[in-house]
Amino acid sequence: MKNPEKNRTSLLIKGGHLIDPAARTDAPMDVLLKDGRIAEVAPPNKIKGAVDEKLDARGLIVAPGFIDLHVHFREPGQAHKETIATGTAAAAVGGFTSVCTMPNTVPVIDSVEGIEWLRQPERGAVVTVFAVAAATRGSKGATLTDFRALHSAGAIAVTDDGKPILDDGIMREALVLGGELNFPVVQHAEDTRMTENCSMHAGARSFRLGLRGMTAAAEASIVERDVQLAMQIPNARLHIAHLSTADALKSVRRGKRAKARVTFEVTPHHFTLTDEDMRDYDSNYKMNPPLRSASDLEAILAALADGTVDAIATDHAPHAAHEKEMEFERAAFGITGLETALALAITRLHREKRIPLARIVELFTAGPARCFDLRGRGSLVRGSVADVTVFDPKKKWTFDAAKSRSKSKNTPFDGWQLTGKVIATVVGGKIVYSA
Amino acid sequence: MNPARGSLLGIEHMEAAEILRLLKFARRMNPDKTRPLLKGKRVLLLFYEASTRTRSSFEIAAKSLGAHTVLIQSFGSSIEKGESLLDTGYTVRAVGADIIVIRHPNAGAPYVMAQHLDVPVINAGDGLHEHPSQALLDAYTVLRNKKTFKGLQVAIVGDIFHSRVARSACHLFSKFGVKIILCGPPELVPDVAATLASGVRVTRHIEDALRGTDVVMLLRVQQERLSGMKIDLAEYIARYQMNPLRLKMAKKDAIVMHPGPIIRGLELTSEIADGAQTRILEEVRNGVPTRMAILARAMGKMR
């Protein structure tokens with residue numbers, strides 16, 4: 001939404017291997033960026049003429065700028081966890097050129113004023129920030145917000161994320177109105193009536209640890225209801241946030257087969273970890289939805305491989321140390337994720353599970369762009385926004401949370417050895433990060 | 001994670017040999033004969049939850065070893081004012097605690113303490129998770145009555161889901177090859193309970209649990225932790241209450257145990273509570289030498 005100032009210069013990204021799934025390109029290509037747009041994509045050494053700047057991408061993958069559909073940047077109201085400036089800086093390190101911020105701030109972003117506040121240059125965003133607005137006033141689940149006004153103000157979707165839209169009638173209304181405006185309604189699928197006092201996935205591990213567990217059914221029942229609604233309501237657009245269970249996946253598959261407009265995202269932690277991985281009540285393994293069972297993870301991996309998953313989104317949820325270093329049941333839900341997303345995808349999905357790199361790039365680019373209709377993004381065809389991510393798929397590195405650009409360090413991946421690293425992030429033709 | 005040496009956070013990760021060593025040492029502990037193994041040491045009892053048995057038992061155990069004890073309860077302390085668990089931990093450490101004994105309503109709270117403090121942390125019960133000192137004193141009681149764990153069968157009847165005592169007991173007995181049968185309705189004894197340790201199985205039928213059993217361990221239905229669960233108490237009593245007729249189904253020399261507090265007329269009848277096979281008060285008595293051993297071990301004095 002906030003377009004970083006357009007750069008009246010040119011940048012040639014030279015010698016790289018372009019993967020642009022939307023354009024069905026997977027070949028060595030040079031890319032010329034000019035005045036904030038993609039000016040030319042051509043085989044190596046075919047782009048002639050003077051340029052202001054060159055980026056040597058030999059041995060590297062050049063991809064459309066990554067899009068994260070799900071981040072919490074905590075502003076306004078909780079700047080001690082993260083700000084738009086620090087959050088977007090972490091995004092740039094992770095190769096994300098666009099991020100979609102969730103509205104569960106203090107106050108909740110449920111008005112045009114809130115969206116305008118997010119767009120102000122004073123926020124210091126270094127990548128493009130798209131606002132997802134609240135679906136109900138104050139995200140209290142009772143009265144819909146003014147979708148039309150929010151849409152015109154630049155919101156790209158609505159959600160009560162952090163909480164579900166539980167009431168059948170309100171969800172129906174949201175999908176009807178959203179459908180009229182071609183506005184995706186994003187659901188945090190959790191039947192909170194079934195998850196009171198729960199802090200992890202319900203299974204053998206939660207029983208052993210004496211922690212009350214969230215059942216898979218608490219997610220699946222809401223997803224099933226929503227998919228049913230999306231199948232009934234003409235033009236409704238439903239997007240399921242951070243889907244984590246095999247049962248919910250079944251509902252989504254059914255909806256997609258019925259040609260309902262249902263999309264969904266999965267997070268890197270849900271395709272990497274299970275409920276068995278948490279040790280010693282480490283609250284860096286506490287998030288919502290929780291880490292699920294091994295069979296849920298297998299189902300998600302299959303859906304990532306077979307093309308069913310639309311997007312990888314981080315659900316980047318920063319919290320201060322004092323909000324995490326406490327009794328597991330009382331600790332805040334959520335982990336950071338922007339700086340490890342690509343590396344986890346390459347390490348887990350590409351290297352271990354042999355999912356092609358082009359598919360992974362799609363999950364970070366064309367896929368998310370389609371979910372929220374981000375025109376001009378998610379591809380590098382001529383005329384697109386000059387957002388580019390350059391990465392080294394073979395580079396081994398160790399993630400050090402202490403060095404993270406995020407204000408918060410709540411991640412289970414501290415010290416992990418990973419493969420795949422972002423080398424440069426270009427937003428609107430300008431290099432905002434280079435390794 | 002590296003808890004200070006001598007910490008006792010749970011039974012699950014304790015080795016069988018270590019458990020036996022501790023139980024053997026406990027036999028040498030006599031609360032009536034002061035042994036100044038912990039002379040001049042400060043034992044901080046940090047109780048975030050109500051307790052009669054465990055608290056007094058740890059206090060007497062510490063004093064019998066010559067230690068000073070300080071009791072901090074959430075009511076009437078800074079905890080009430082919103083001080084975090086860790087800040088309370090740092091504070092009592094700064095005051096000079098040598099050992100911290102903690103009882104807390106949240107599972108894992110002692111782990112948080114142990115992760116950040118350099119003194120031994122003793123778990124005196126954490127949420128639904130573990131109650132290691134209770135399991136140890138129960139094992140001590142079983143050994144006094146049955147001589148050996150070999151070939152034993154233990155039935156645990158009642159609210160397993162909400163019971164840290166049951167979890168710790170399962171881990172402990174399992175390490176010695178004891179057959180463990182968990183018995184109760186699915187709401188209180190979910191099938192997943194059988195995954196707790198090897199040798200554990202679940203049954204819904206009291207006859208099935210009692211047949212051939214050497215030790216009958218009864219648990220209270222923890223109404224304060226039910227969290228919206230609907231349990232028909234009359235139905236529970238009809239199906240699972242321990243009464244003399246039912247106890248006859250167990251082995252002739254079976255003993256009846258209960259971590260307390262007992263509710264007469266609910267999980268057991270008065271005839272059982274006061275009966276000859278019952279060891280409930282013996283368990284309480286055995287708590288003191290067992291906890292003396294736990295505290296001595298915490299200070300590296302288990303020799």
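Once amide H atoms are placed 1.01 Å from N in the peptide plane, what residues at a sequence separation of 5 or more from A:L18, or on another chain, have their amide H within under 5 Å of its amide H?
A:A27, A:M29, A:V62
Relative contact order of segment A:104-165: what whole-number percent is it, with Cα pairs under 8 angstrom and at least 6 residues apart?
39 percent.
Can you give the angle from 0 to 90° between the axis of helix B:132-146 and the longest principal axis of chain B, with both taken from C-alpha atoms, to the nearest 10?
50 degrees
Would you be so kind as to identify which of A:I300, A:A79, A:G169 lies farthest towards the positive end of the dipole of segment A:65-371, taking Lys and Arg as +1 and Asp and Glu as -1 on Cβ and the Cα centre as origin?
About the Cα centre, the residue reaching furthest to the positive side is A:I300.
For peptide B:118-130, how many partner chain Cβ atoms fall within 10 Å of a residue's Cβ, on average?
2
Mind counting lysine pairs for me in segment A:65-371? Cα separation below 28 Å, and the two need to be 8 or more apart along the chain or on different chains.
18
Taking beta carbons within 10 Å but only from partner chains, what does the mean come to for residues A:210-216?
What the average comes to for A:210-216 is 4.
Once a ≥ b ≥ c are taken as the square roots of the eigenvalues of the Cα gyration tensor of segment A:65-371, is the result rounded (a/c under 1.5), prolate (a/b larger than b/c) or oblate (a/b not larger than b/c)?
rounded
On a straight-distance basis, which aspartates and glutamates could pair with A:K48 in a cross-link, Cα separation under 20 angstrom, same-chain partners fewer than 8 positions away excluded?
A:D30, A:D35, A:E40, A:D56
Lysines near B:K252 by alpha-carbon distance under 19 Å, same-chain residues fewer than 8 away left out - which ones?
By straight Cα distance, B:K252 reaches B:K146, B:K147, B:K150, B:K179.
Treat the count of other C-beta atoms within 10 Å as a stand-in for reagent exposure and order B:Y48, B:Y90 from fewest to most.
B:Y90, B:Y48
Lys/Arg Cβ at +1, Asp/Glu Cβ at -1, dipole of segment A:93-143 taken about the Cα centre: which of A:V108, A:T143, A:S98 is farthest positive-ward?
About the Cα centre, the residue reaching furthest to the positive side is A:T143.
Relative contact order, percent, of chain B when contacts are C-alpha pairs under 8 Å separated by at least 6 residues?
22 percent
In debye, nearest 20: dipole of segment B:133-283 around its Cα centre with unit charges on the Cβ of K, R (+) and D, E (-)?
Approximately 520 debye in magnitude.
Out of all DSSP beta bridges with both ends in chain B, state the antiparallel percent to the nearest 5.
Counting DSSP beta bridges with both partners in chain B, the antiparallel share is about 5 percent.
By count of other Cβ within 10 Å, fewest leading, how are B:I255, B:I237 ordered? It would help to have the intermediate numbers written out before the result.
Details: B:I255 23, B:I237 16.
Placing the least packed residue first, the sequence is B:I237, B:I255.
Ranked by Cβ crowding within 10 angstrom, fewest neighbours first, how are B:M292, A:M326 ordered?
A:M326, B:M292
In degrees between 0 and 90, to the nearest 10, how far off the longest principal axis of chain B does helix B:85-95 point, with axes built from Cα atoms?
Here the helix axis deviates by roughly 50 degrees.
Just report the Cα centroid separation between segment A:120-161 and segment A:336-376, whole Å.
24 Å
Restricting to Cα pairs below 8 Å that are 6+ residues apart, what does the relative contact order work out to for segment A:65-371? Please round to a whole percent.
The value is 17 percent.
Compute the FRET efficiency between A:E116 and B:K33 as 1/(1 + (r/R0)^6), taking r as their Cβ-Cβ distance and R0 = 56 Å, and round to the nearest 0.05.
Computed FRET efficiency for A:E116 and B:K33 comes out at 0.10.
Which order do the peptides A:151-159, B:119-127 come out in when sorted by mean C-beta neighbours inside 10 angstrom, highest first?
Peptide ranking by packing, descending: B:119-127, A:151-159.
Could you pull out every one of the lysines with an alpha carbon less than 29 Å from that of B:K41, ignoring same-chain neighbours closer than 8 positions?
Answer for B:K41, where 29 Å is the Cα cut-off: B:K24, B:K33, B:K63, B:K81, B:K301, listed by chain and number.
Could you give the dipole magnitude of chain B about its Cα centre, charging the beta-carbon of Lys and Arg +1 and that of Asp and Glu -1, in debye to the nearest 20?
My answer is approximately 1400 debye.
Where a number appears in this text, it was derived from the coordinates with a stated rule and is not lab data. Remember, it's a predicted structure, so these values are computed and weren't measured experimentally. Don't worry about glycine lacking a Cβ; one is built from the backbone with ideal geometry, like all the others, and counts go over all protein chains shown.
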